[in-house]
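First comes the structure, then the notes that go with it.
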Amino acid sequence: MSKKVRCVIVDDEPMAREIITSYIEKTPNLELIKSCKNASEAMIFMQNQEVDLFFLDINMPEITGLSLAKIINKKAKIIFTTAYRDYAVDGFNLNVVDYLLKPIAFDRFLEAVQKVFDTHQIVKVEKNEQETSSDFMFVRSERKMVKINFNQIKYIESLGDYVKVITNDTSIVTRETITNIDEKLPAKEFLRIHRSYIVSLQEITSYTNEFIEVGKKAIPISRSYKETVLQKLAKV
């Protein structure tokens, strides 16, 4: 395998994090890039980092693993790790790779990881081809597929089950989630600043700690995205 699988551990139990860390270190082609003690820490980290695989505990305080799994980039794989067998059905309903019961044996860990190895090479190839060949996307709007050039997008707004893409010339409404749209955009050119807004970096005219202005439109920066947004804007 030409590239290592980039892993993140999310678990509120220190011992559990240590065990999975040791397993990752003993497994060729796995690379641990972050160990998080809660879902909030993981949410901040994954905004600007490419993650291939999450080892995700389910029963955590404040934000559960099940809730986090629903917003993780669909290109990333998830292996649930939990002491509670009752969550198995919920886990598989989210289309996770595997479900490991604590205490986790190393041979069972390897069995789950092998499922990721079987698909990882294909995923990488498909992603690389998309990144090198596309400067546009197609979305379904008014019963047809509409082409949108990335350099024409000003900002994107979530409207519940719909998304409105505002371009230089018009606005296009499509029945899709903003998270799915975000996955199609080049990360270097766009910035998620709120659960309901993505902005084009080249279209930003000014910003404060609370708002980003795109032309005359003031778009709020949410509390959960603020640290990541301000750090990225400071580097532009």
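All of the numbers you see were taken from the coordinates with simple rules; none came from a lab. These numbers were taken from a predicted model, which means no experiment stands behind them. FYI the Cβ positions are ideal-geometry reconstructions off the backbone, even for glycines, and counts take in every protein chain you see.
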Exercise. Could you list which residues have their amide H under 5 Å from that of V214, counting only those 5 or more apart in sequence or on another chain, with H placed in the peptide plane?
Key: T205, I219
Quiz prompt | Inter-site label distance for K115 and Q231 at 7 Å from Cα along Cβ, in nm | solution = 3.1 nm
Practice problem: Give the percent of DSSP beta bridges with both residues in the chain that are antiparallel, rounded to the nearest 5. | Solution: 60 percent
Practice problem: Give, rounded to the nearest 20 debye, the magnitude of the charge dipole that the chain has about its Cα centre when Lys and Arg contribute +1 at Cβ and Asp and Glu contribute -1 at Cβ. | Solution: 540 debye
Practice problem: Find the Cα radius of gyration of segment 136-235, compare it with 2.2 N^0.38 Å by division, and give the number to two decimals. | Solution: 1.03
Practice problem: Would you be so kind as to identify which of L68, Y225, I156 lies farthest towards the positive end of the dipole of the chain, taking Lys and Arg as +1 and Asp and Glu as -1 on Cβ and the Cα centre as origin? | Solution: I156
Quiz item: What FRET efficiency would be calculated for the residue pair L159, S224, taking the C-beta separation as r and a Förster radius of 25 Å, to the nearest 0.05?
Solution: 0.80
Quiz item: Here are several values of Rg/Rh (Cα atoms, Kirkwood Rh): (i) 0.94; (ii) 0.92; (iii) 1.00. Which one was derived from the coordinates shown?
Solution: (iii)
Quiz item: Can you list the aspartates and glutamates whose alpha carbon is less than 14 Å from that of K217, not counting same-chain residues fewer than 8 positions off?
Solution: E157, E203
Exercise. Kindly express, to the nearest 10 degrees and within the range 0 to 90, the angle between helix 223-235's C-alpha long axis and the longest C-alpha principal axis of the chain.
Key: 70 degrees
Quiz prompt | Rounded tilt (10° steps) of 14-25 against the dominant C-alpha axis of the chain | solution = 90 degrees
Practice problem: Within 10 Å of each residue's Cβ, count the other Cβ atoms and sort T208, T81 from fewest upward. | Solution: T208, T81
Exercise. Could you point to the residue in I9, I20, L30 farthest towards the positive end of segment 1-48's charge dipole, with +1 and -1 charges on the Cβ of Lys/Arg and Asp/Glu respectively?
Key: L30
Practice problem: Would you mind checking the pairs K74/K154; K102/K188; K144/K216; K74/K235 and listing those with alpha carbons more than 29 angstrom apart? | Solution: K102/K188; K144/K216
Quiz item: Quick one: length gained pulling E13 to N48 fully straight, 0.36 nm per residue minus the C-alpha distance?
Solution: 10.1 nm
Quiz item: Going by how many other beta carbons lie within 10 Å of each one, how would you line up V5, V163, V146, fewest first?
Solution: V146, V5, V163
Practice problem: Excluding N209 itself, calculate the net charge of residues whose Cβ lies under 11 Å from the Cβ of N209, where each Lys or Arg counts +1 and each Asp or Glu counts -1. | Solution: 0
